[in-house]
Amino acid sequence: MNEQLFDLAENTSRSIFLTGKAGTGKTTFLNEFVRKTTKKHIVVAPTGIAAINAGGVTIHSMFGLPLRTFAPTTERIDGNLGMNIQDLLQHFKYRKDKLKLLREIEMVIIDEVSMLRADVLDMMDFSLRHIRRNPLPFGGLQMLFIGDLYQLPPVVRDEQFIRQYYRSAFFFDSYVLKNVPLITIELTKVYRQKDEHFLEILNAIRDGNIEDIDFDILNQRYDPEFEPKDEAYVYLTSHNRMADNINQQKLKKLPGKSYFYPASITGEFRETQYPNEEQIELREGAQIMFIRNDASADRKYYNGKLAEVKYLDDEKIRVRIEGDHEDYTLKKEIWDQKVYRLDNERNIHEDVLGSFEQYPIRLAWAVT
């Protein structure tokens, strides 16, 4: 764990933007910080699946925000396009337990912040200042933003409308952050890739530095007629259905029978927020990818790591993780649908509304 970063977040009240490429340890830090911090905190994210993966709740559900686009003005606007400040204030009718909770917390952690729209962050700010009766940004709370701005952007229904009020839809162009001296920290060491030359090419592509891209190296690998045979290759596709079609075609070509592994779902867990397939179909020889970091002390795999299925029965899945020499027996993971609660001693608890238990893998001859 990054101890200096932990110390900054834990022992100061400064708001922080933690960023970095995929595989640099942002999720690991989030999980470790939540486990070790003594601060009363909540974890939120822009979407349901992101919230479940982060171990938190959605921003809209926590703050009771409407789904319409927000315009930070008192002028009347077309209600079909969005809402203004007066319209927003009408939504701030909270239950007593929610009021007590949000007045008691010391920190808000927002994961996958690349998807957070500027107007949603401003609505959050209005809500917190209203609830906490504090005119400071976010009602005086410390904020920890986590995410990579090169990844998924905010979803904007009406670009023209939001551009009337914001420079862009990204969270950093919100009005509230103009008054927050954010400390930006970028994690730079990539743990998922060891090939330094390949990392240099990836970084050049990521940053748009065309002159730094070694096209000679890339073109050596270009073969329009190439079809994978023995080694583990992955097709990159633009849509889920394309990846699903390739994966199913590859799976059907394998000899042997299919085994099916259903998820165990308890309590309240909406189907639209399932973090994985409700039922996984596998055959021996299937190429799979882990979709979650190994939270155990073994650290056997991480999100994006490939493996090959070596043995299957009704109760067991054994795989050979890429780079290993021994087979590994998979264990199921649990994703929780949570809600925050304040007890009589003013301690914050995470109550589980529902759980989704499944193996943390999916077929991976093709991915989006």
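The values are calculated or read from the model by the stated rules, or taken from the named source; none is laboratory data. As the structure is a prediction and not an experimental result, all values here were calculated from the model. Glycine gets a Cβ as well: all are built from the backbone with ideal geometry, and neighbour counts include every protein chain shown. For accessibility, only protein heavy atoms count, side chains too; no ligands or nucleic acids. Shrake-Rupley method; radii C 1.70, N 1.55, O 1.52, S 1.80 Å.
How many residues does segment 13-46 contain that are open to solvent by 50 Å² or more (accessible area, probe 1.4 Å), over 13 Å from the mean Cα position of the chain (by Cα) and in contact (Cβ under 8 Å) with a residue 24 or more places away in the chain?
5
Could you pull out every one of the strands (runs of 3 or more DSSP E) wholly within segment 228-292 that has 3 or more residues that are under 26 Å from the mean Cα position of the chain (by Cα)?
264-267, 279-282, 287-290
What do you reckon, is Arg318 surrounded by 12 or more Cβ atoms within 10 Å (Cβ to Cβ), among the charged types (D, E, K, R) and either more than 20 Å from the chain's Cα centre (by Cα) or modelled with pLDDT under 90 (or both)?
yes
Name the one entry in His325, His349 that is closer than 25 Å to Val108 by Cα, modelled with pLDDT under 95, open to solvent by 50 Å² or more (accessible area, probe 1.4 Å) and not small (Gly, Ala, Ser).
His349
Among the residues of segment 270-301, how many are more than 18 Å from Arg318 (Cβ to Cβ), open to solvent by 20 Å² or more (accessible area, probe 1.4 Å) and either touching a residue at least 24 places away in the same chain (Cβ under 8 Å) or out of contact with any Phe, Trp or Tyr (no Cβ under 6 Å at 6 or more places or on another chain) (or both)?
So the answer is 12.
For segment 191-227, which positions are in a loop (DSSP other than H, G, I, E, B), in contact (Cβ under 8 Å) with a residue 12 or more places away in the chain and more than 30 Å from Gly285 (Cβ to Cβ)?
Selection gives Ile213, Asp214.
Sort out which residues of segment 258-269 are crowded, with 18+ Cβ neighbours inside 10 Å and either touching a Ser or Thr at 6+ places or on another chain (Cβ under 8 Å) or of a type outside the set (Ser, Thr, Tyr) (or both), and write them in order of number.
Ala263, Phe269
Has segment 296-306 got any residue that is in contact with a Gly (Cβ under 9 Å, 6 or more places away or on another chain), closer than 17 Å to Asn53 by Cα and among the polar types (S, T, N, Q)?
Yes, segment 296-306 contains at least one residue that is in contact with a Gly (Cβ under 9 Å, 6 or more places away or on another chain), closer than 17 Å to Asn53 by Cα and among the polar types (S, T, N, Q).
Among the residues in segment 65-81, are any surrounded by fewer than 23 Cβ atoms within 10 Å (Cβ to Cβ) and assigned to a helix (DSSP H, G or I)? Full working, then the answer.
Within segment 65-81, the subset surrounded by fewer than 23 Cβ atoms within 10 Å (Cβ to Cβ) is 65-69, 72-81.
Of the ones still in play, those that are also assigned to a helix (DSSP H, G or I) are none.
No, that holds for no residue.
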